[in-house]
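First the structure, in the form of structure tokens, and then the observations on it.
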Amino acid sequence: MDKAPAKGDGSLRKAALVGSCLICMFVGAWTCDYSMLSLVAFRNGYLPIRAFSFAAYLLVFLIACLGLRGGEKAASGQTRSQRALERALGCGCLLLAIGSIGLVFFAGKSGALPMLCVFLVKAVGPPLTIAVLVLLAKLPFDVASKTAALSMALAFLIEIMLRLAFASASAGEGVALLLGATCQIAGCLGALVLMRRFVLLAESKGADELLPVPSSAQTRPSALCGMRLRRMWGQTTGRSLLVIVATSLMLGYVRTGASSKGAVEAVAALVVLVALGLAVRCAPRLNARTLLAVAIACVSAAFLLNPFLSIAGPDVGSTLADVGTILFEINIWIMSIAFARSCHRPVLAAAGVRLAAVTGHLAGALIAVGSSAIMGSHPEASQAAPLVIVFIYVVLLLVLYRDGAIYPSAGFPIGEEGLSAAGRSAGIAGGVGSAGNAAAASSADAIGDWAYGDEYWKGPCRSLADEFGLTPRETEVLEQLAQGRDLAFMEEKFVISRNTVKMHVRNIYAKLGVHSKQEVIDLVEQTRQS
């Protein structure tokens, strides 16, 4: 009884520390971007910055793919991905310092050297973003989503206030750039400390994701690689990436095409921060679907109802648009956390999902610049372009959302698997022990059965059991794996030992030809669709 509160306090303490890194990262990155726009004469505003950011993320993603193809072999108490990420953070800080000093020296000049300095400044973004995303993915999902939402809203407000302060004080952009670089370096140092203290401990407990690969599956590496890629992708994973890219594209278009006043942005950030604070205080968990719906409503109203909103005030439409864009950014990060949690290689997954988001930002900026160049002589057409973008985005969501599956299955509080995971997290954080864990899981079971029906899980699992020759107990364990259950839950449900559960899971993995819980979930989903 005495240990449980300490666990809850420890989880909240980790969340506060990771949230601080997230704030430093965003405030530093946005302040640097704002400063570089003034220090370097860019012809198309944010477009070159987006391009440099995309190049940096693509380079880091390719390095991650090549560096981790041999697996996560432990070395000196660290996984290969963690060692590589720590080195990338160190190199990123060094390049950031060199690029910031170079930009201050080359202020107002054009040419290859200032552009190189811009790339060096953006080089710290990928490793820092990936590290923070992995740290968030190691937290209980409810805690991670709330931490990301509140931290991002606060970061928006702080960056806007800093920008207004620098503008009113007529401070040089070089000072703002150095301040932004300092914030990012502080975020890197905080992420390094947190990775050393917490990530290794969290990885050592992921027994259900780190089960040994059956030896029979290791004899066909080429076939195994293709099968794992197909099953790890799955319908839900592919849809979630498409939603992230589409949302980022719309954000890149809106932010490149128009810019609000600083005071309007500050009001929007304050409104979002207060609303999220109340939601976190009153609700057991954030509902990502609700955030997405509110964001779509705000942005759509800002464009469609602007003539009517202007009657209430000249900045009402801009405030709604800024509220929507902030909520879209928060939703992207919540989906990214769920994506990283759903994969057995969180560093590679984090690199991939952030590359997808940056790709969307770059595509949106390209569309904004291209449309403004083509439609410059037709003001009515340029005003209609944002409406077309929003319309296409909503239609895309309707198509992807037709069966309710646009989020990664593992770790997300949507459906029975997310509800049960949320119940387990709440039981641990609240310090209620196994009794509270079982009560929360039972409540989640009731809600999940009401939402989906018993056959939603048992039907495809029985089909797989018949096809691959699973025993009755293995079929029951398969049903739990398909719902995202962990070893502790199955140990309590079936009243068997942890080793027995592991044995059944190994047998299931071997018979189905899979190697992680996410592959099981994807396979069950494919069977259900077929």
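Is it true that some residue in segment 367-384 is under 27 Å from the mean Cα position of the chain (by Cα), at pLDDT below 70 and surrounded by 12 or more Cβ atoms within 10 Å (Cβ to Cβ)?
Within segment 367-384, none of the residues are under 27 Å from the mean Cα position of the chain (by Cα), at pLDDT below 70 and surrounded by 12 or more Cβ atoms within 10 Å (Cβ to Cβ).
Would you please list the contacts, defined by Cβ atoms under 9 Å and residues six or more apart or on different chains, that run from a residue in segment 268-283 that is open to solvent by less than 70 Å² (accessible area, probe 1.4 Å) to a residue that is basic (Lys, Arg)?
Pairs that qualify, where the first residue is open to solvent by less than 70 Å² (accessible area, probe 1.4 Å) and the partner is basic (Lys, Arg), are Leu276/Lys146; Ala279/Lys146; Val280/Lys146.
Say whether the condition of being open to solvent by 60 Å² or more (accessible area, probe 1.4 Å) and at pLDDT 85 or above is met by at least one residue in segment 99-106.
Looking for residues that are open to solvent by 60 Å² or more (accessible area, probe 1.4 Å) and at pLDDT 85 or above, one finds at least one in segment 99-106, hence yes.
If we keep just the residues of segment 35-66 that are of a type in the set (Ser, Thr, Tyr) and under 22 Å from Ala363 (Cβ atoms), which is surrounded by the fewest Cβ atoms within 10 Å (Cβ to Cβ)?
Going through segment 35-66, the residues of a type in the set (Ser, Thr, Tyr) turn out to be 35, 38, 46, 53, 57.
Okay, now just the ones that are also under 22 Å from Ala363 (Cβ atoms), so 46, 53, 57.
Values: Tyr46: 23, Ser53: 25, Tyr57: 25.
If we take residues in segment 35-66 being of a type in the set (Ser, Thr, Tyr) and under 22 Å from Ala363 (Cβ atoms), then Tyr46 is surrounded by the fewest Cβ atoms within 10 Å (Cβ to Cβ).
Tell me which residues, restricted to segment 321-346, are open to solvent by 10 Å² or more (accessible area, probe 1.4 Å), under 12 Å from the mean Cα position of the chain (by Cα) and either at pLDDT below 85 or polar (S, T, N, Q) (or both).
Phe339, Arg341, Pro346
Would you call Val274 at pLDDT 80 or above, part of a helix (DSSP H, G or I) and not charged (D, E, K, R)?
Answer is yes for this residue.
Go through segment 282-338 and give me each residue that's in a helix (DSSP H, G or I), among the charged types (D, E, K, R) and within 16 Å of Ala269 (Cβ to Cβ).
Correct list: Asp322, Glu329.
So, in segment 107-120, of the ones that are closer than 14 Å to Gly174 by Cβ and part of a loop (DSSP other than H, G, I, E, B), which residue ends up modelled with the lowest pLDDT?
Only one residue tops the list, namely Gly108.
For Ala148, state whether it is part of a helix (DSSP H, G or I), more than 18 Å from the chain's Cα centre (by Cα), of a type in the set (Gly, Ala, Ser) and closer than 21 Å to Val353 by Cα.
The answer is no for Ala148.
Take the residues in segment 290-304 that are exposed (fewer than 15 other Cβ atoms within 10 Å of the Cβ) and either in contact with a helix residue (DSSP H, G or I) (Cβ under 7 Å, 6 or more places away or on another chain) or not β-branched (Val, Ile, Thr) (or both), then tell me which one is modelled with the highest pLDDT. Spell out the reasoning first.
Filtering segment 290-304 down to residues exposed (fewer than 15 other Cβ atoms within 10 Å of the Cβ) leaves 290, 293, 297.
Keeping just the survivors that are either in contact with a helix residue (DSSP H, G or I) (Cβ under 7 Å, 6 or more places away or on another chain) or not β-branched (Val, Ile, Thr) (or both) gives 293, 297.
Values: Ala293: 84, Ala297: 87.
The extreme case among them is Ala297.
Can you say whether Ser81 is among the polar types (S, T, N, Q), crowded, with 19+ Cβ neighbours inside 10 Å and modelled with pLDDT of 85 or more, as far as the supplied structure shows?
Spelling it out, it is not the case that Ser81 is among the polar types (S, T, N, Q), crowded, with 19+ Cβ neighbours inside 10 Å and modelled with pLDDT of 85 or more.
The values are calculated or read from the model by the stated rules, or taken from the named source; none is laboratory data. This one's a predicted model, so the numbers in the text were calculated from it and none came from an experiment. Cβ atoms come from the backbone with ideal geometry, glycine included; neighbour counts cover every protein chain shown. The accessibility values were calculated without ligands, DNA or RNA, using every heavy atom of the protein model including side chains. Shrake-Rupley method; radii C 1.70, N 1.55, O 1.52, S 1.80 Å.
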